[in-house]
Each structure stands twice: as C-alpha cells, then as structure tokens.
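A short write-up of the structure that comes next.
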Amino acid sequence: MAERSSVQEQGIKMFFFVEKLEDLQARLENDTYIDVILQSLPLSYDSFIINFNMNGLSKSAHELINMLIQFMATTKKSKPVVKFGKASTSK
C-alpha cells in the first residue's frame with residue numbers, strides 16, 4: 001500500500017483476495033489474513049501495528065479494517081498545524 005493510499009481501498013482489495021482464496025478452498029487461519037493485511041501497510045501505520053500486536057488483539061479481518069479506518073481518521077485530525085506569517089514590526 002502506498003503511503004497516501006486510502007485504507008478503505010486497501011481493505012476492499014484485501015477482502016477481494018481473501019474471498020478469492022476461499023473460493024479456491026484455501027484453508028488459512030484468521031491470523032494469517034491479519035498478518036497479510038498488517039504487512040501490506042506503509043510505515044506510517046507502524047504505531048498502529050505495534051499497538052495491535054502488543055495488546056494481543058484478536059480481531060477478524062473486517063474488524064481490523066474498521067480499526068484501521070478509525071486510526072487513519074484520528075491521525076488525520078491530530079496532525080499539528082503550523083502557520084507561517086510575516087512578522088510585524090512596530091516603529
């Protein structure tokens with residue numbers, strides 16, 4: 001997944017691949033799907049991945065994608081804003 005890509009689009013793409021594997025009768029554990037999704041994320045999601053792994057969260061692939069969407073929305077809101085302006089001088 002590219003750094004500025006939509007996590008929703010990535011989630012849809014991953015679900016498509018999961019469904020394809022199920023159609024092919026591939027028997028994969030839920031943890032394998034989770035690992036594939038987490039490994040497909042860019043570096044900006046490292047804090048999410050570390051938190052997910054350290055807390056031993058047990059989620060389905062659908063729940064993980066929803067968590068990623070919430071994480072993305074939260075991090076977009078919390079980015080610091082820096083404003084630059086012309087300094088005024090008083091004479």
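The values are calculated or read from the model by the stated rules, or taken from the named source; none is laboratory data. Here the structure is a predicted model, which is why all the values come from computation and not from measurement. No Cβ is skipped: glycine too gets one built from the backbone with ideal geometry, and neighbour counts run over all protein chains shown.
Figures for the structure shown
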{"item": "Candidate set: segment 16-33, residues that are aliphatic (A, V, I, L, M) and outside any helix (DSSP H, G or I); chosen: the one farthest from ASN53 (Cα to Cα)", "result": "LEU24"}
{"item": "Residue match in segment 10-29 (condition: surrounded by 13 or more Cβ atoms within 10 Å (Cβ to Cβ) and small (Gly, Ala, Ser))", "result": "yes"}
{"item": "For LYS83: the one exception among (1) at pLDDT below 85; (2) within 10 Å of the chain's Cα centre (by Cα)", "result": "(2)"}
